[in-house]
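Colleague: Can you read through this structure? Questions will come right after.
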Amino acid sequence: MLQEIVRQCQRENPFAQRRLYDHFANRLYRLCRRYVRNPLETEEVLMNAFLKIFRSVGGFEYRSDDELEVWMKRIAVNESLMHLRRTKNTEWVWDDTPAEEVPYSTGSSAEADLHAEGIHELILSLPDGYRTVFCLYALEGYSHKEIGTLLNISENTSKSQLSKARAALQALLTKNGYSYERR
């Protein structure tokens, strides 16, 4: 199904473009929202990402649904990062001190009580620099080297930001009544 939609998008068919948008819009919106706090700005980033997708789909070689989604997610992430750079209203906190391992709580596990929306809101409350590195590394699977290239920071700065993001998120989780243990 998606292969045919992509083929029609490559022919600039507006109905196929709408079907592709409908299929991926919610997932890509949530992805962009990890980086852009303001919901209206997130919608703008999403629209820009889809414009770029529709302009670039002609050069995309369809191999599988998974590869299509990965390609679209990369565009959405890059568009989100470009938005953060353009708006310059970010609270980047870069610190080049070497990263240290953050100790994790050994309290009782309450994974069943963790709600995805609550955790998502806590992640959104992190400073932009912490949140961006955390999302790129922990959620998107980028390496520290790739993050450094994307954000124009050193690999060690990426590691440091991740460590600080984890510590801040751990403190927020504890403050909000969540407990967990590292496995």
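The values are calculated or read from the model by the stated rules, or taken from the named source; none is laboratory data. Source: prediction; values computed, not measured. Glycine gets a Cβ as well: all are built from the backbone with ideal geometry, and neighbour counts include every protein chain shown.
Colleague: All but one of (1) charged (D, E, K, R); (2) modelled with pLDDT of 95 or more; (3) closer than 25 Å to Gly141 by Cα hold for Asp96; which doesn't?
Modeller: For Asp96, the exception is condition (2).
Colleague: Checking the structure you have, find out if any residue of segment 44-57 is surrounded by fewer than 17 Cβ atoms within 10 Å (Cβ to Cβ), assigned to a helix (DSSP H, G or I), at pLDDT 95 or above and of a type in the set (Gly, Ala, Ser). Even if it seems obvious, please write down each step before you answer.
Modeller: Taking segment 44-57 and keeping what is surrounded by fewer than 17 Cβ atoms within 10 Å (Cβ to Cβ), we get 44, 47, 51-52, 55-56.
Now narrow it down to the ones that are assigned to a helix (DSSP H, G or I): 44, 47, 51-52, 55-56.
In the following step, the residues that additionally are at pLDDT 95 or above were identified as 44, 47, 51-52, 55-56.
From what's left, of a type in the set (Gly, Ala, Ser): 56.
Checking segment 44-57: at least one residue is surrounded by fewer than 17 Cβ atoms within 10 Å (Cβ to Cβ), assigned to a helix (DSSP H, G or I), at pLDDT 95 or above and of a type in the set (Gly, Ala, Ser).
Colleague: Name the residues in segment 155-179 that are free of Cβ contacts under 8 Å to residues at least 40 places away in the same chain, surrounded by fewer than 16 Cβ atoms within 10 Å (Cβ to Cβ) and either in a helix (DSSP H, G or I) or in contact with a Cys (Cβ under 9 Å, 6 or more places away or on another chain) (or both), would you?
Modeller: Those that are free of Cβ contacts under 8 Å to residues at least 40 places away in the same chain, surrounded by fewer than 16 Cβ atoms within 10 Å (Cβ to Cβ) and either in a helix (DSSP H, G or I) or in contact with a Cys (Cβ under 9 Å, 6 or more places away or on another chain) (or both): Glu155, Ala171, Lys175.
Colleague: Suppose we keep only residues that are among the aliphatic types (A, V, I, L, M) and assigned to a loop (DSSP other than H, G, I, E, B) within segment 1-43. Which one would you say is surrounded by the most Cβ atoms within 10 Å (Cβ to Cβ)? Talk me through it step by step, then tell me what you get.
Modeller: Residues of segment 1-43 among the aliphatic types (A, V, I, L, M): 1-2, 5-6, 16, 20, 25, 28, 31, 36, 40.
Keeping just the survivors that are assigned to a loop (DSSP other than H, G, I, E, B) gives 1, 36.
Working: Met1: 8, Val36: 23.
Only one residue fits best here, namely Val36.
Colleague: In segment 58-70, which residues are without any contact (Cβ under 8 Å) to a residue 12 or more places away in the chain and either part of a helix (DSSP H, G or I) or not polar (S, T, N, Q) (or both)?
Modeller: Initially, segment 58-70 is screened for residues without any contact (Cβ under 8 Å) to a residue 12 or more places away in the chain, giving 59, 61, 63-64, 66-67, 70.
Scanning segment 58-70 gives Gly59, Glu61, Arg63, Asp66, Glu67, Val70.
Colleague: Give the residue that is surrounded by the fewest Cβ atoms within 10 Å (Cβ to Cβ), with candidates limited to residues of segment 71-86 that are closer than 15 Å to Cys135 by Cα and in contact (Cβ under 8 Å) with a residue 40 or more places away in the chain.
Modeller: Asn78
Colleague: Scan segment 131-154 residue by residue and report those that are among the acidic types (Asp, Glu) and outside any helix (DSSP H, G or I).
Modeller: Of everything in segment 131-154, just one residue is among the acidic types (Asp, Glu) and outside any helix (DSSP H, G or I), namely Glu140.
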